[in-house]
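Following: one structure in structure tokens, then a few remarks.
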Amino acid sequence: METQEILTRNLEYEGYRVHSVSSVEEAIIILKNNSLDLIITDFKMPKVTGLDLIKFVKDHYHNLEIIMITGYPSIDSAKNAIKYGAYEYLLKPFTDHELLETIQKVVQKIKNRKNKQNNINDNNFMQFGIIGKSKPMLKIFSIIEKLKNNFDTVLITGESGTGKELIARALHYNGYRSNGPFVPVNCAAIPDSLFESELFGHVKGSFTGADYSKLGFFQSANNGTIFLDEISEMSPLLQTKLLRVLQNKEIYMVGSAKPQKIDIQIIASSNQDLNELIQQNKFRNDLYYRLNVINITLPPLRERTDDIIILTNFFLNKYCNEYNKSDLVLEEDIIEIFQNYQWPGNIREMENLIKRIVILAEGKTIKGVNLPDHMKYNLDFSNNYKQSLLDIEKKHIKKVLNHCHNNKTAAAKILGINRKTLREKLIKFKIV
Ligand SMILES: Nc1ncnc2c1ncn2[C@@H]1O[C@H](COP(=O)(O)OP(=O)(O)OP(=O)(O)O)[C@@H](O)[C@H]1O
Ligand SMILES: [Mg+2]
């Protein structure tokens, strides 16, 4: 078999789409009719030399990369080719591995460039001040849009750092009560004994030390929104009182028998599974149903891999601007590490990490080696035991497909299953 044919087969096997031609003229026709990323060319060709091809390509298609193949006698000219813009040269004879490694480097370079271009368009992925283009985030954007005109209660659930407060603020500031106040209450931070008076206020003399009347969070939030963060931390007694507020839309100050009418939106959030707490008798069933009229569930970042690049770019831009490090670039391997990492602290963890690496960056590039060890080696000390075998299978299939640029034949080969089985799994796992 001819070298060109072997190369073509190997590359197709790896999942690349290959056009194979035997002259520069033919190559130019293919270039005109297709959008290509890379040319692999011999240096010595009939009529036109490899150097001429590079010049032509760099004049007309400046994003197209070139790998030059050369025999030993032409090595100096090949080195010259790099000066004219070829990415790399390979000296004959080379192994499949060498070729693939060089191609993978080029592919990374191209991906990086595309990421940077996406970067410029990041604002397209921002709605209500929230970054996202993954399916679950688009669904959440449409809920926020729909709730614009009215809602009484919304329950937001999701792991720590997934953006619950950000969504709560977006609901308030895009709703028709946006002129009213937004009052966040961290239920985990208020001692039980003070909770009722903090929420509903108290009248003078209602308990020892109540020297004057004081309004609570509910009165402050009137005509606006109260955000009850970490609602699972509320004591059973207070849960009962809150239920009554939701039912009657009125509150009682501690020490007063006079009801006060309130007109308010309530957004509650929890990073715990309230259903589990109900089963353990720690959360009231009836309160849950009252709050859960509309539920927004924020998936963890590791399940929103589509958002990882845009969030990374967003925070990189934000902190580069803030710390005057305008042209800092992320080295290619970082995004891949980010996409495989578990992010136990979700978006807050990512934001803090990027802030830290921007502050500490010394050169112009941030490299994978600068990341903490547990990220680099994808060591997961967190909640990996919560993953089922099915979860892991789904993730692995996604990774392999990604690696094969969605070429299902190549992916099936790596996975050791036939195409039909792969297709069935894609449907089962809803991977499109
Ligand atoms: N989609 C997003 N786009 C941009 N920034 C985000 C997004 N999601 C979260 N953030 C940022 O990440 C940080 C954490 O978000 P937030 O405080 O809303 O999370 P949380 O779910 O309330 O966390 P916790 O449960 O720990 O209170 C904030 O700085 C927020 O602005
Ligand atoms: Mg929060």
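Given the conditions (1) within 11 Å of ligand 1 (Cβ to nearest atom); (2) touching a Leu at 6+ places or on another chain (Cβ under 7 Å); (3) among the small types (Gly, Ala, Ser), report the number of the one that residue 270 does not fulfil.
Of everything listed in (1) within 11 Å of ligand 1 (Cβ to nearest atom); (2) touching a Leu at 6+ places or on another chain (Cβ under 7 Å); (3) among the small types (Gly, Ala, Ser), residue 270 misses just condition (2).
Mind checking which residues of segment 215-234 are open to solvent by less than 40 Å² (accessible area, probe 1.4 Å) and under 19 Å from residue 157 (Cα atoms)?
225, 226, 227, 228, 229, 230, 231, 232, 234
So residue 74 passes all but one of these: (1) open to solvent by 80 Å² or more (accessible area, probe 1.4 Å); (2) touching a residue at least 12 places away in the same chain (Cβ under 8 Å); (3) over 30 Å from residue 316 (Cβ atoms); (4) out of contact with any strand residue (DSSP E or B) (no Cβ under 7 Å at 6 or more places or on another chain). Which condition number does it fail?
Going through the list (1) open to solvent by 80 Å² or more (accessible area, probe 1.4 Å); (2) touching a residue at least 12 places away in the same chain (Cβ under 8 Å); (3) over 30 Å from residue 316 (Cβ atoms); (4) out of contact with any strand residue (DSSP E or B) (no Cβ under 7 Å at 6 or more places or on another chain), residue 74 breaks only (1).
Since residue 176 meets every condition but one in (1) in a helix (DSSP H, G or I); (2) in contact with a Lys or Arg (Cβ under 9 Å, 6 or more places away or on another chain); (3) surrounded by fewer than 19 Cβ atoms within 10 Å (Cβ to Cβ), which condition does it not meet?
It is condition (1) that residue 176 fails.
Can you tell me which residues in segment 43-94 are part of a loop (DSSP other than H, G, I, E, B) and under 20 Å from residue 113 (Cα atoms)?
The answer is 61, 62, 63, 64, 84, 85, 86, 87.
Is there a residue in segment 301-322 that is open to solvent by less than 10 Å² (accessible area, probe 1.4 Å) and within 16 Å of ligand 2 (Cβ to nearest atom)?
Yes, because at least one residue in segment 301-322 is open to solvent by less than 10 Å² (accessible area, probe 1.4 Å) and within 16 Å of ligand 2 (Cβ to nearest atom).
Which condition number does residue 164 fail, the rest of (1) surrounded by 19 or more Cβ atoms within 10 Å (Cβ to Cβ); (2) of a type in the set (Lys, Arg); (3) more than 10 Å from ligand 1 (Cβ to nearest atom) being met?
(3)
Identify, from the list 257, 268, the residue that is in a loop (DSSP other than H, G, I, E, B) and among the small types (Gly, Ala, Ser).
That would be 257, the only listed residue that is in a loop (DSSP other than H, G, I, E, B) and among the small types (Gly, Ala, Ser).
Within segment 262-269, is even one residue closer than 18 Å to residue 217 by Cα, surrounded by 12 or more Cβ atoms within 10 Å (Cβ to Cβ), of a type in the set (Val, Ile, Thr) and touching a Lys or Arg at 6+ places or on another chain (Cβ under 7 Å)?
Yes, because at least one residue in segment 262-269 is closer than 18 Å to residue 217 by Cα, surrounded by 12 or more Cβ atoms within 10 Å (Cβ to Cβ), of a type in the set (Val, Ile, Thr) and touching a Lys or Arg at 6+ places or on another chain (Cβ under 7 Å).
When you scan segment 30-50, how many residues do you find that are surrounded by fewer than 17 Cβ atoms within 10 Å (Cβ to Cβ) and at pLDDT below 85?
The qualifying residues number 9.
Considering only residues of segment 122-155 that are within 8 Å of ligand 1 (Cβ to nearest atom) and outside any helix (DSSP H, G or I), which is surrounded by the fewest Cβ atoms within 10 Å (Cβ to Cβ)?
129
Just need a number here: residues in segment 197-232 that are over 21 Å from residue 263 (Cβ atoms), in a helix (DSSP H, G or I) and either out of contact with any Lys or Arg (no Cβ under 8 Å at 6 or more places or on another chain) or more than 16 Å from ligand 2 (Cβ to nearest atom) (or both).
Result for segment 197-232: 1.
Residue check, residue 165 against (1) away from ligand 2 (no atom under 16 Å from the Cβ); (2) in contact (Cβ under 8 Å) with a residue 60 or more places away in the chain; (3) of a type in the set (Asp, Glu), all met but one. Which one?
(1)
Checking residue 351 against (1) within 30 Å of residue 427 (Cα to Cα); (2) at pLDDT 80 or above, which single condition isn't satisfied?
The failed condition is (1).
Select from segment 331-358 the residues that are buried (at least 17 other Cβ atoms within 10 Å of the Cβ), in contact (Cβ under 8 Å) with a residue 60 or more places away in the chain and over 14 Å from the mean Cα position of the chain (by Cα) and list them in ascending order.
332
Go through (1) open to solvent by less than 20 Å² (accessible area, probe 1.4 Å); (2) polar (S, T, N, Q); (3) in a loop (DSSP other than H, G, I, E, B) and name the single condition residue 102 misses.
(3)
Checking residue 325 against (1) open to solvent by less than 70 Å² (accessible area, probe 1.4 Å); (2) within 16 Å of ligand 2 (Cβ to nearest atom); (3) not acidic (Asp, Glu): exactly one of these is not met. Which one?
Among (1) open to solvent by less than 70 Å² (accessible area, probe 1.4 Å); (2) within 16 Å of ligand 2 (Cβ to nearest atom); (3) not acidic (Asp, Glu), the lone unmet condition for residue 325 is (2).
May I ask you to say which residue of 171, 194 is assigned to a helix (DSSP H, G or I), open to solvent by less than 50 Å² (accessible area, probe 1.4 Å) and more than 10 Å from ligand 1 (Cβ to nearest atom)?
Answer to the check: 171.
Using the structure shown, decide if residue 38 is within 25 Å of residue 83 (Cβ to Cβ) and touching a residue at least 40 places away in the same chain (Cβ under 8 Å).
Yes; evaluated as a whole, the condition is true for this residue.
Mind checking which pairs have a first residue in segment 184-210 that is farther than 21 Å from residue 225 by Cβ and a second that is among the aromatic types (Phe, Trp, Tyr), Cβ under 6 Å, 6 or more apart or different chains?
Cβ pairs passing all conditions: 204/212.
The values are calculated or read from the model by the stated rules, or taken from the named source; none is laboratory data. Note that the structure is a prediction, hence the values are computed from the model and not measured. Counting neighbours? That spans all protein chains shown, and the Cβs are built from the backbone with ideal geometry, glycine included. Note: accessible area is taken over every heavy atom of the protein model, side chains too, but ligands, DNA and RNA are not part of it. Shrake-Rupley method; radii C 1.70, N 1.55, O 1.52, S 1.80 Å.
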